[in-house]
Amino acid sequence: MIKVTGLKKHFGDLEVLKGIDQHIKPGEKVVIIGPSGSGKSTFLRSLNRMNDRVATVNGKIWFHGLDVNKPNINVYELRKNIGMVFQRPNPFPKSIRENIVYALKADGHKDRAELDRVVEESLRAAALWDEVKDKLDKSALALSGGQQQRLCIARALAVKPEILLLDEPASALDPVSTSKLEDTLKQLRSKYTMIMVTHNMQQASRISDYTAFFHLGHAIEYNSTAEIFTNPKGKITENYIQGSFG
Ligand code: ADP
Ligand code: MG
């Protein structure tokens, strides 16, 4: 589904990704771990071209055989297929309902019943429906941080992506909200391919099948999550997992 070969990325003179190879099959749940500054966010953002204005790219990223960095691809469509959730919840300053249907409306969908259906379906999928069903026309900004983050997930789901990219989605949340967000992610596991950056090892082990360990722009180790956590091959991976740096 996603095939990355020899991916290098520069911000000016700074080489942030130094040759990443990665193969992700449909349905796989992958987490990326590693110290701050190792290029995890940059990698994730490369997949749906969120940083192509500021970075130089070498190497290839294929999505279903499509060269993601080809100049003439439809980046808007790409981002619908590869949805993204960021570290800080970033709902639009609009109602809950408008957040969900924003992209659909932009694409010309007008049928109220259809839009209502998508609102309910997306909010249910993000495990937020019961908390907000009576206030869909209230501002999204009035929700708690954890609810806003689940709303951002629902917003991404509304356009039926194949892949969800999540960049430390719980890093700004308190423990209770984090556990609700994890319930949401567990609920989504069966339906989506997910690639998530996290610093939380418990979260990584609960949600992922595979783990990639990034260090200084290299994907040092890639293996099943169980294997990486119990039997890491490299000393640096082992040190990181034991919490000695990061
Ligand atoms: P991580 O997510 O693993 O913490 P990042 O991918 O955010 O790492 O950053 C990797 C390196 O790239 C860091 O040194 C960071 O300062 C640099 N970097 C990230 N984004 C930009 C940018 N837009 N412009 C310049 N440098 C950047
Ligand atoms: Mg990051």
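Work out the FRET efficiency for Gln187 and Ser224 from their Cβ-Cβ distance, taking R0 = 30 Å, and round it to the nearest 0.05.
After rounding, the FRET efficiency stands at 0.85.
For a quick size check, give me the Cα extents of the range 22-118 along its three principal axes, largest first, whole Å.
Answer, in whole Å and largest first: 44, 31, 30 Å.
So who's got an amide H within less than 5 Å of the one on Ile32, skipping anything under 5 residues away but keeping other chains? H placed 1.01 Å off N, in plane.
Those lying under 5 Å, H to H, from Ile32 are Met196, Val197, Thr198, Ala212.
How would the range 65-216 be classified by its alpha-carbon gyration tensor: rounded, prolate or oblate, with rounded meaning a/c under 1.5 and the a/b versus b/c comparison settling the rest?
Oblate, since a/c reaches 1.5 and b/c is not below a/b.
If contacts are Cα pairs under 8 angstrom and at least 6 residues apart, what is the relative contact order of the range 1-123 in percent?
23
Any chance you could run the full-extension gain for Arg88 through Asn58? It's 0.36 nm times the residue separation minus the Cα-Cα distance, nm to one decimal.
Full extension of this stretch gives 7.9 nm more.
Let me have the relative contact order for the range 108-246, percent, based on Cα pairs under 8 Å that are six or more residues apart.
This gives 17 percent for the range 108-246.
Using a 1.4 Å probe over the heavy atoms of the protein chains, calculate the carbon and sulfur portion of the accessible area of the range 71-160 as a whole percent. Don't jump to the answer; show the numbers that get you there.
Working: 2260 of 4520 Å².
Carbon and sulfur together cover 50 percent of it.
³J(HN,Hα) across the range 160-172 via Karplus (A = 6.51, B = -1.76, C = 1.60, θ = phi - 60°), whole Hz, x for Gly/Pro?
My calculation for the range 160-172 gives 6, x, 8, 10, 10, 9, 10, 9, 6, x, 9, 5, 9 Hz in order.
Among DSSP bridges having both ends in the chain, what percentage is antiparallel? Round to the nearest 5.
60
Please compute the contact order of the chain in relative form: average sequence separation of alpha-carbon pairs under 8 Å and at least six residues apart, divided by the residue count, as a percent.
Value for the chain: 28 percent.
Scan around Val16 for amide H atoms under 5 Å from its own, H built in the peptide plane at 1.01 Å from N, and keep only partners 5 or more places away or cross-chain.
Those lying under 5 Å, H to H, from Val16 are Lys9, His10, Phe11.
Please report the accessible area of Thr42 (heavy atoms, 1.4 Å probe, ligands and nucleic acids excluded) in Å², nearest 10.
Only protein atoms counted, so the area is about 20 Å².
Enumerate the calculated ³J(HN,Hα) couplings along the range 52-64 in order (Karplus 6.51 cos²θ - 1.76 cosθ + 1.60, θ = phi - 60°), each rounded to whole Hz, writing x wherever the residue is Gly or Pro.
6, 6, 9, 10, 9, 10, 10, x, 10, 10, 10, 10, 6
With +1 on each Lys and Arg Cβ and -1 on each Asp and Glu Cβ, and nothing else charged, work out how big the dipole of the chain is about its Cα centre, in Debye to the nearest 20.
Values: 35 positive and 28 negative charges, 74 e Å.
Here the size comes out at about 360 debye.
I need the Debye-formula profile for the range 124-192: one equal scatterer per C-alpha, no solvent, reported as log10 I(q)/I(0) at q = 0.15, 0.18, 0.25 1/Å, two decimals.
Normalising to I(0) and taking log10 leaves -0.45, -0.66, -1.25.
Excluding ligands, DNA and RNA, what is the solvent-accessible area per residue of the chain at a probe of 1.4 Å, expressed in Å²? Please list the in-between numbers first.
Working: 11440 Å² over 246 residues.
Solvent-accessible surface per residue comes out at 47 Å².
The values are calculated or read from the model by the stated rules, or taken from the named source; none is laboratory data. Note that the coordinates shown come from a computational prediction; the quantities given were computed from them, not determined experimentally. Using ideal geometry, Cβ is built from the backbone for each residue, glycine included, and neighbour counts are taken over all protein chains shown. The area values use the complete protein model at the heavy-atom level, side chains included, leaving out ligands, DNA and RNA. Shrake-Rupley method; radii C 1.70, N 1.55, O 1.52, S 1.80 Å.
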